[in-house]
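What follows is one structure encoded as structure tokens, with my remarks underneath.
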Amino acid sequence: MVYKCQEDSFLKEPCDYGLLGSVPVLQVTRRGADAVHFVESALPVGKLVTQKLDWERRLDHMQQHSGQHLITALADIHFGYPTTSWWLGEEESYIEFDTQSVKPSDLDTLEELVNEKIRAANPVIVTVYKEGDSELKRVRTRGLPDDHKGAVRVVTIEGVESNMCCGTHVTNLSQLQAIKILRIEKGKKNKTNLHFLVGGRVLRQLSACLHREYQLTALLKNGPADHVNLVDKLQRSLKYANKNLQAALRDIAAYEGARIKQQVPTPVYVSHHRKEADSDFMSILINEVGDQNVLLFLTVGDDKGGQMVLHGEPATVAQLGPQVCALLNGKGAAKGPKFQAKVSNFANRTKAEELISQYLAGTSNDC
Ligand SMILES: [Zn+2]
């Protein structure tokens, strides 16, 4: 069975790296039939050099690319999902199917089918046809770059498909080791993207997953089979504890407010910071005090930042609010008796308290 080439593989497959002599190759691009190498430093014209390939990178690309050909062919043959494009990523690769949806059961079967072919160890053969070769009529040439001249290269997975392609490939499907289909996602314009890993990437991903699993086992002190239940339980108890904390903070805010109000004589200025509280805490405290003649400098939050409120007589608040806010590296505005701001640094909180005290001492002296 002959399949049309869907893409210019030079655009889809990242280039090889390596050395020309001792000079690193930074990029390789196609210009017509030539592979243009961009190198770190110039080489003298006519100099003979030994080319050394980054084999690990090449093998990885060969595995992903041949794996793509295999998935594309079997998805079309067995389920009628035609491939319109594909992408070889640094971590994962994906194939774009010209279909709005893919049945989950088809994905399971497809994964079984591609791995079955790997076990069967079918050869992968590259044939280069001369320009005008009559055999080429059997290979459709859609997707061939416009500037292409001369020979045409066809990659055949024996017993599966033939595909015009200029990418790098394994010589036998057994070199793919394994294919893992990861997931599907909605693609562009009614297309569906299928993400997959081939060969070394399957092993690397498995190692990373196992490493995370060992870490979770140590943290949760229970085996992988219980991880999901334990994390769910932890999240629920955290939510419950937070709810209790917020209720306790509301009680503290009301208590603090009542305590300030009951002081005799009524204080002219109170400063209060509560690390774990939020803006509700400040609002409850202000409402409980309920007196603009008591200047309240309230802050909530930790080293990463938080909020401030300066509440009191509007003229005082308008005067002091911006200065206090600037000291705490914040951004906010005054509205009547309240200056509210988001702040990013409490390092200068003591300086802000001193500024307020000095201002109040100054205004009382003026009187
Ligand atoms: Zn290809």
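Each value in this text was obtained by applying a stated rule to the coordinates, not by laboratory testing. Since the model is a prediction, treat every value here as computed from it, not as a measurement. Please note: Cβ atoms are built from the backbone with ideal geometry, for glycine as well, and neighbour counts cover all protein chains shown.
Measuring from centroid to centroid over Cα atoms, what is the spacing of the stretch 52-123 and the stretch 213-262 in Å? Centre-to-centre distance over Cα atoms comes out at 45 Å. Derived from the Cα gyration tensor, the three semi-axes of the equivalent ellipsoid of the stretch 1-125 are 36, 15, 13 Å, largest first.
When the chain is fully extended, how far beyond the present Cα-Cα distance does Ser101 get from Leu26, taking 0.36 nm per residue of separation?
23.1 nm
The lysines within cross-link reach of Lys103, meaning a Cα-to-Cα straight distance under 30 Å and a gap of 8 or more places when in the same chain, are Lys4, Lys12, Lys117, Lys180, Lys186, Lys188, Lys189, Lys191.
The calculated FRET efficiency for Glu354 paired with Gln263, based on their beta-carbon distance and R0 = 22 Å, is about 0.50.
Quick one: in the stretch 90-235, what % of C-alpha pairs are over 27 Å apart? Value for the stretch 90-235 (Cα pairs over 27 Å): 45 percent. Could you work out the helix-only [θ] at 222 nm for the chain, with each DSSP H run of four or more residues adding -39,500 (n - 2.57) and the total divided by the number of residues, to the nearest 500 deg cm²/dmol? Helix-only estimate at 222 nm: -13500 deg cm²/dmol.
Would you kindly state how much longer the chain becomes between Thr109 and Asp54 on full extension, computed as 0.36 nm times their sequence separation minus their alpha carbon distance, in nm to one decimal?
Extra length available between Thr109 and Asp54 comes to 16.3 nm.
Under 16 Å of direct C-alpha separation, and excluding same-chain neighbours fewer than eight residues apart, Lys275 reaches these lysines: Lys304, Lys342. Is the shape of the stretch 249-366 best called rounded, prolate or oblate, per the rule: a/c under 1.5 gives rounded, else a/b larger than b/c gives prolate, else oblate, with a ≥ b ≥ c the square roots of the Cα gyration tensor eigenvalues? Oblate shape, in that a/c is at least 1.5 and b/c is the bigger or equal ratio. Shown for the chain is the translational diffusion coefficient from the Stokes-Einstein equation, using the Kirkwood radius over Cα pairs, a temperature of 25 °C and a viscosity of 0.890 mPa s: 90 µm²/s. For the pair Lys191 and Ile77, a Förster radius of 25 Å applied to the C-beta separation gives a FRET efficiency near 0.85, rounded to the nearest 0.05.
Round to the nearest 0.05 the FRET efficiency obtained for Arg183 and Leu203 when R0 = 22 Å and r is the Cβ-Cβ distance.
Rounded to the nearest 0.05, the efficiency is 0.70.
The H on the amide N of Asn122, modeled in the peptide plane, is under 5 Å from the matching H of Leu173, Ser174, each at least 5 residues off or on a different chain.
Near Ser93, the amide H atoms lying under 5 Å from its own belong to Phe196; only residues 5 or more places off or on other chains count, and H is placed 1.01 Å from N.
Highest average first, the peptides 344-352, 101-109 ordered by how many other beta carbon atoms sit within 10 Å of their residues are 344-352, 101-109. Note on Ala248 and Ala35: the model spin-label points, each 7 Å out from Cα along the C-beta direction, lie 6.7 nm apart. At full extension, Glu116 and Tyr17 could sit 32.4 nm farther apart than now, given 0.36 nm per residue minus the alpha carbon distance.
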